[in-house]
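Input: a single structure, listed below in structure tokens.
Values in this text are rule-based calculations from the coordinates and carry no lab data. Bear in mind that the values here come from a model prediction, so they are computed numbers and not experimental data. Cβ: placed from backbone, ideal geometry, glycine included. Neighbour counts: every protein chain shown.
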Amino acid sequence: MMLLSTLLVGLVVPTDFMIFQPEKNSQWTVSSSDKIVVQINPCARGRWDTGRVASKWIHFTDEDYARGEQLVIYKDATTAKKVMRQIRADLRRCADTGKGWYRNRHWSKPLALGDEAVMVGSRYFHSGWAEVAVRKGAALMIYGESAWPNRSLSDEHFTNVLGWAHDMSAKVCELPEARCQG
């Protein structure tokens with residue numbers, strides 16, 4: 001068990017394993033820092049999850065479009081399940097906050113993907129965001145992009161994020177640390 005723990009602590013997710021392959025320009029941000037908060041964060045909390053073994057976060061931003069990919073490997077599936085449970089709880093607790101320019105709304109619904117998944121649409125005064133979070137074993141994958149989703153979370157706003165999430169759901173089990181079952 002000690003050897004396994006030592007191996008897991010040293011895990012680094014290579015950028016070329018990810019779905020997004022950033023170009024060499026200033027519009028891309030890539031980080032393996034465990035200080036990056038979970039991308040779906042409706043209550044705007046600091047880093048609250050524990051038990052991370054490895055993570056990779058890739059984000060693209062330009063004047064009118066953004067997209068993000070986050071892969072976090074936790075020490076076990078139980079820890080990853082707790083994170084998903086907290087994401088769903090935060091989506092309920094902070095579903096509609098603020099007023100006027102500071103109003104934020106978040107809608108979510110379960111999604112049949114991986115071991116468990118949630119589809120999230122968010123609207124802010126000036127923008128919106130479509131996201132999908134998928135847990136598979138000890139891995140949590142989150143994909144998001146600029147969008148203007150509505151309460152019904154219609155698929156037209158989620159085409160890209162669903163595609164990216166499906167692709168990584170099939171790929172993540174190549175990492176033994178993801179501990180996929182079956």
Query - Per-residue HN-Hα couplings for segment 144-156 [Karplus 6.51, -1.76, 1.60; θ = phi - 60°; Hz; x = Gly/Pro] - result: x, 7, 4, 6, 10, x, 10, 4, 6, 6, 5, 4, 4
**Report entry** Interchain or long-range residues, amide H under 5 Å from residue 128's placed H
**Finding:** 147
Query raised in the report: If amide H atoms are built 1.01 Å from N in the plane of the peptide, which residues on other chains or at least 5 residues away come under 5 Å of the amide H of residue 38?
Result: 48, 49
Query raised in the report: So which cysteines in the chain don't have a second cysteine's C-beta under 4.7 Å from them?
Result: none
**Report entry** Top of 170, 117, 77 by mean-square fluctuation, Gaussian network on the chain, Cα under 10 Å
**Finding:** 170
**Report entry** Rg over Rh, two decimals, segment 41-182 (C-alpha only, Kirkwood Rh)
**Finding:** 0.96
Requested in this report: Classify segment 24-65 as rounded, prolate or oblate from the Cα gyration tensor: take a ≥ b ≥ c as the square roots of its eigenvalues, call it rounded if a/c is under 1.5, otherwise prolate when a/b beats b/c and oblate if not.
Outcome: oblate
Query - Distribution of pairwise C-alpha distances over segment 1-105, 5 Å bins, in % - result: 2, 11, 17, 19, 19, 15, 10, 5, 2, 1, 0
**Report entry** Among 27, 86, 70, residue whose mean-square fluctuation peaks in a GNM of the chain (springs only between Cα atoms under 10 Å)
**Finding:** 27
**Report entry** Separation of the residue 29 and residue 109 label points, Cα + 7 Å toward Cβ, nm
**Finding:** 3.1
Query raised in the report: Using the Cβ atoms and a cut-off under 12 Å, what net charge is assigned to the surroundings of residue 91, where Lys and Arg are +1 and Asp and Glu are -1?
Result: +3
**Report entry** residue 96/residue 11 FRET efficiency (R0 35 Å; Cβ-Cβ; nearest 0.05)
**Finding:** 0.35
Report summary line: Karplus-derived 3J(HN,Hα) from phi for segment 98-110 (6.51 cos²θ - 1.76 cosθ + 1.60, θ = phi - 60°), whole Hz, x at Gly and Pro, runs x, 9, x, 5, 9, 6, 10, 10, 9, 10, 8, 7, x
Query raised in the report: For segment 93-174, which trypsin sites (Lys or Arg not before Pro) are in a loop by DSSP, counting at most 10 other Cβ atoms within 10 Å?
Result: 99, 151
**Report entry** About the Cα centre, charge dipole magnitude for the chain (Lys/Arg +1, Asp/Glu -1 at Cβ), debye
**Finding:** 920
